[in-house]
Amino acid sequence: PERLAEFEARIARGEKIEPGDWMPAEYRRQLIRMISQHAHSEWVGMLPEGAWITRAPSLRRKLILLAKVQDEAGHGQYLYHAAETLGVTREEMVEALLSGRAKYSNIFNYPTLTWADVGIIGWLVDGMAIKNQTMLAQCSYGPYSRAMVRICAEETFHHKQGKEAVLLYAKGSRKQRQMVQDALNRWWWPTLMMAGPHDTDSPHTPLLLRWGIKTKTNDQIRQEFLNEHVPELLEAGLVPPDPHLRYDEKTGNWVHGPIPWDEFWKVIQGEGPMNRHRLLARRRAHEEGRWVREAMEAHARRRLAQAAD
Amino acid sequence: PERLAEFEARIARGEKIEPGDWMPAEYRRQLIRMISQHAHSEWVGMLPEGAWITRAPSLRRKLILLAKVQDEAGHGQYLYHAAETLGVTREEMVEALLSGRAKYSNIFNYPTLTWADVGIIGWLVDGMAIKNQTMLAQCSYGPYSRAMVRICAEETFHHKQGKEAVLLYAKGSRKQRQMVQDALNRWWWPTLMMAGPHDTDSPHTPLLLRWGIKTKTNDQIRQEFLNEHVPELLEAGLVPPDPHLRYDEKTGNWVHGPIPWDEFWKVIQGEGPMNRHRLLARRRAHEEGRWVREAMEAHARRRLAQAAD
Amino acid sequence: MPLDPYLKEALVAKLTALADDEVVLAQRLSEWVAHAPILEEDIAIANLAQDELGHAKLYLELRQELDGSDPDRLVFFRDPLEYQNAILVELPKGDWAFTMVRQYLFDAYENLWLKEAEKSAYEPLREVASRILKEERFHLKHSVLWVERLGQGTEESHRRAQEALELLFPYAKQLFIPLPEEEALVEAGVVPDLKALEGAYLEEVTRHLERSGLKPPQGGYVPKDRKEHTEYLWSLLAEMQSVARWDPEAKAW
Amino acid sequence: MPLDPYLKEALVAKLTALADDEVVLAQRLSEWVAHAPILEEDIAIANLAQDELGHAKLYLELRQELDGSDPDRLVFFRDPLEYQNAILVELPKGDWAFTMVRQYLFDAYENLWLKEAEKSAYEPLREVASRILKEERFHLKHSVLWVERLGQGTEESHRRAQEALELLFPYAKQLFIPLPEEEALVEAGVVPDLKALEGAYLEEVTRHLERSGLKPPQGGYVPKDRKEHTEYLWSLLAEMQSVARWDPEAKAW
């Protein structure tokens, strides 16, 4: 209890907690859960966008998308490392993902049906992610906070590129405009749900706030996202598929209509449109890569043995 | 020697030799070689055309091509049966193919690069095949002769459909005309070589003629093909890629320039453009189908055991 | 029976959805041709693909009678988001177990639907349904046998068939979700009531799957309507339409 | 150095062939992204694809300076028979061994070629070659290591690498067949003499392959020129060009 008080005092002073430092078991548990989920999200998140690399319609877009998906793999790597500082191994985390025990961001359980989805994901999904990650860059756990700083810088780039593509298509040909509005219709609600359930339905939040793991609530994040993106979408001639969406003069906030939380909970429980496909893709890559990893290990052992001679 | 004389007399009288009948070992050997090669050709021959089923540009063409490839599988089946009447099993023949010992028609070692190739194969490759098969329908061995009668009827259909497509494209758009002329350029020499080496380089021919396995020589077959197809091609505005091609008023024959036999022998020895790919495709289907065949057998055994109870 | 404009439009939509299922399934089957585990199944699968495509043609010709649309334009020039096929048929070809379990789930649905459609108040559909049903009975026999063979074959074939079923089964339920305009057609006796067929379907397939040692999974995602697709449809159509769309100046193929 | 019209045309052709190899190889590499055997190789392969595509862009920009052609039009609107890539890079992605052996065979060629191209009499090519070479050295290190790992790893990895090599090796020789117009460029010192590089290449790769326990096969089919392709190119381009060609009215992507 004394150590807990001291720990909480350090956080209150804005100090970072580092790997060797004492921390409550629950703090460690929550961080492992969050960071590994976050890492899995990057790894699984490569799939829906990755599916469009082979179809990107210009050299520039293809290069941008390749760089983006590469960044996601890189983020996955930092985050697995950050989680490892808490005493969990990559193998354990991967095993938890492949067996279906671990979660990853719901958003990646939706399919990318057209090329416009890639733009919308870059702009809106990454836009929401940045709101969350900017907050997490303030996180009290040093390695997570530092990973977030680095990730945020790259995500900001993706966000800009996604927006640029969407704006181009929004003033493009009839089919391009239709394609991008369709994509917005499909991704709008899943994106809003990315920020997580309403604060009233989010039991972890108070503790996470107290320990400085989070510094904002889900609803705050969602509100920031709306206030930034709604005016820009409308300006581009795109209409979010929410008949209740309105600007509240009093608070200066954009107010959304009812969110389809039923769907959110179903997707979390594994019943989203692409859950099984995502896990299958990860499992298949893992299975088909087994002989390759074995060859790497065998070769490394042989090298080691030669060096020892 | 007495039996041989009697056998040759039967053939001279135009009688068919049937599976139970006495026949010289060499007659059996030649027939097994020819019929199994022919069966393999149908089976391997499904690959270059089959590759275009998923891309056929209209419902009608796709249905026609599916029917055609299905026919080829069916021909493979009759021919394997016909060969089995000579005391060789399907497994032995398949094993000879997959190990690379058995041959199949050289023509299938060329790639199909565009949709027009499918039309050209139907018209010219099947056109040449029909010349050969019509002759083989007269073959002295009953089961082979009867298989050929059935096959010829279907091939004639394919030939007509291929010709119809080629003629349509030959008077189509600029790109269609180019596509079909390109395909002709690629398939012309391989098709002429399908009839086999010149008679002077074909040591088996005299024996095969004497025993009524063949009733025409390679050069005769090739000449028939040319005389039928060259005028039709020219009429359609298509130009065979042979600068020496000319009509000989005296004989009434179309005379071709020098045939690239070097290439022919290379392809036969396994060094054609698609030899390795064709064998790989067959081996892969065989390997990947292994567990399916095992399941079929296991299920059949279980059924049998149940029936016996 | 004369169709009022609303029914006509609804029937056009329904015929298109029926055709789209067949076109997309035929495409996946076509990927197998020349690569089947035995020569006899090369014949069977080419035949299946041909029949399914032939059925699509029949449905689109019925549509053509109603609105003058060109079947080839509909198949080769509609974009992925305009396709109304069920997700079941667009999933990548997978292994032989995946292909045969999918085929079984689809054949069983089609047989039930066609038997009812043979009683349609719309005579042209009645006739087409009878024609198609003749072929579909053979398809069902073929896939019923394969489910049994795989389920009761070897350990490996059982495992593969069960894995395929885990992914596919929820999608079979999408086949029983009517189109938005379909209710009026059902009331007018033009098409069967899908909702009324679903119970019999689930009972029949569950019985056969269990008899074959396979266990239909609980839960899973069921698409809500035929506007939903997966990432796989774009590539499937890109390949399928590539020649037809290759030359804008070509007038005929 | 000023180029006469004949040399200019020959250089346009050569730059296009160089770019086509990179575009097609990048496409095959892209198919792996998000599906690699370990996360680190997802990074590596995305990086490779990006680099190869970037090189294509550099070559096509050199071409643009010569004839004003638009790189995107060339990549996304040329038909399969107009592509001048070597067959090596268009073969389907295969397994990891196939991918890495192909990459090694290509990287080793590219490194040799670029080292010579750095001495080109045509300054813009010299500069581009230096830029590309910086990245290609890393590619070669990466694929050299993989060939060794696979060749000397497990029995399975050795078998797979050897099988890949059987198919791929003859195609590597096509990389050393000059274009019809290339001789004049070689004489003018604009591009390296491929025929002069082939010996060094075969020696180098044979040495490394054998050191890794792999045996380069004898014989096999070597395509005669870059007009030859396989059945796989049409589908590769159909997929790659599907969005760019999807809407004729779209002005920019």
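Among residues of the stretch B:147-167 being surrounded by fewer than 18 Cβ atoms within 10 Å (Cβ to Cβ) and more than 16 Å from the chain's Cα centre (by Cα), the one that is nearest to the other protein chains (Cβ to nearest Cβ) is B:164.
Going residue by residue through the stretch C:189-202, is there one that turns out to be touching a Gly at 6+ places or on another chain (Cβ under 6 Å), closer than 26 Å to residue A:277 by Cβ and crowded, with 18+ Cβ neighbours inside 10 Å? No - not one qualifying residue is present in the stretch C:189-202.
Here residue B:96 passes the criteria (1) in contact (Cβ under 8 Å) with a residue 60 or more places away in the chain; (2) within 14 Å of chain C (Cβ to nearest Cβ) except the one numbered (2).
All told, residue A:232 falls short of being away from chain D (no Cβ under 14 Å), surrounded by 19 or more Cβ atoms within 10 Å (Cβ to Cβ) and in contact (Cβ under 8 Å) with a residue 24 or more places away in the chain. Which residues, counting only those in the stretch D:211-253, are in a loop (DSSP other than H, G, I, E, B) and under 19 Å from residue B:112 (Cα atoms)? D:221, D:222, D:223, D:224, D:225, D:226, D:227, D:228, D:229, D:230, D:231, listed by residue number. Report the residue count in the stretch D:142-188 for those that are crowded, with 19+ Cβ neighbours inside 10 Å, part of a loop (DSSP other than H, G, I, E, B) and within 14 Å of chain A (Cβ to nearest Cβ). The number of residues fulfilling the criteria is 2.
Quick one: would you say residue D:186 is of a type in the set (Val, Ile, Thr), free of Cβ contacts under 8 Å to residues at least 24 places away in the same chain and more than 30 Å from residue A:300 (Cβ to Cβ)? Yes. For the stretch B:59-88, a tally of residues being part of a loop (DSSP other than H, G, I, E, B) and either touching a Pro at 6+ places or on another chain (Cβ under 8 Å) or within 15 Å of residue B:162 (Cβ to Cβ) (or both) returns 2. One residue stands out in the stretch D:216-247 among those that are of a type in the set (Lys, Arg) and either exposed (fewer than 14 other Cβ atoms within 10 Å of the Cβ) or touching a Pro at 6+ places or on another chain (Cβ under 9 Å) (or both): the one that is farthest from residue B:270 (Cα to Cα), namely D:245. Checking A:271, A:263 one by one, the residue that is more than 14 Å from chain D (Cβ to nearest Cβ), in contact (Cβ under 8 Å) with a residue 24 or more places away in the chain and surrounded by 13 or more Cβ atoms within 10 Å (Cβ to Cβ) is A:263 and no other.
Scanning the stretch D:199-232 for residues that are more than 30 Å from residue D:149 (Cβ to Cβ) and more than 12 Å from chain C (Cβ to nearest Cβ) yields D:224, D:225, D:226, D:227, D:228, D:229.
Taking the conditions (1) modelled with pLDDT under 95; (2) not assigned by TED's automatic domain parsing to the domain that holds residue A:103 in turn, residue A:268 satisfies each one other than (2). For residue C:11, state whether it is part of a helix (DSSP H, G or I), surrounded by fewer than 24 Cβ atoms within 10 Å (Cβ to Cβ) and of a type in the set (A, V, I, L, M, F, W, C). Taking the combined requirement at face value, the residue does not satisfy it. Where residues in the stretch C:67-87 are of a type outside the set (D, E, K, R) and away from chain B (no Cβ under 14 Å), which of them is nearest to residue C:237 (Cα to Cα)? It comes out as C:80.
Condition check ((1) under 26 Å from residue C:246 (Cβ atoms); (2) within 14 Å of chain C (Cβ to nearest Cβ); (3) of a type outside the set (S, T, N, Q)) across all residues:
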position	(1), (2), (3)
B:5	no, no, yes
B:37	no, no, no
B:47	yes, yes, yes
B:52	yes, yes, yes
B:55	yes, yes, yes
B:61	yes, yes, yes
B:66	yes, yes, yes
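In the stretch B:180-217, of all residues being modelled with pLDDT under 95, assigned to a helix (DSSP H, G or I) and in contact with an Asp or Glu (Cβ under 7 Å, 6 or more places away or on another chain), the one that is surrounded by the most Cβ atoms within 10 Å (Cβ to Cβ) corresponds to B:205. The set of residues in the stretch C:14-40 being acidic (Asp, Glu), in a helix (DSSP H, G or I) and within 11 Å of chain B (Cβ to nearest Cβ) consists of C:22, C:40.
Residue-by-condition table, conditions (1) touching a helix residue (DSSP H, G or I) at 6+ places or on another chain (Cβ under 9 Å); (2) at the interface with another protein chain (Cβ under 8 Å from one of its Cβ atoms); (3) surrounded by 21 or more Cβ atoms within 10 Å (Cβ to Cβ); (4) under 15 Å from residue C:132 (Cβ atoms):
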{"residue": "C:42", "(1), (2), (3), (4)": "yes, yes, yes, no"}
{"residue": "C:53", "(1), (2), (3), (4)": "yes, yes, yes, yes"}
{"residue": "C:89", "(1), (2), (3), (4)": "yes, no, yes, no"}
{"residue": "C:101", "(1), (2), (3), (4)": "yes, no, yes, no"}
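The values are calculated or read from the model by the stated rules, or taken from the named source; none is laboratory data. This is a predicted model, so every value here is computed, not measured. All Cβ positions, even for glycine, are placed from backbone atoms using ideal geometry, and neighbour counts span all protein chains on display.
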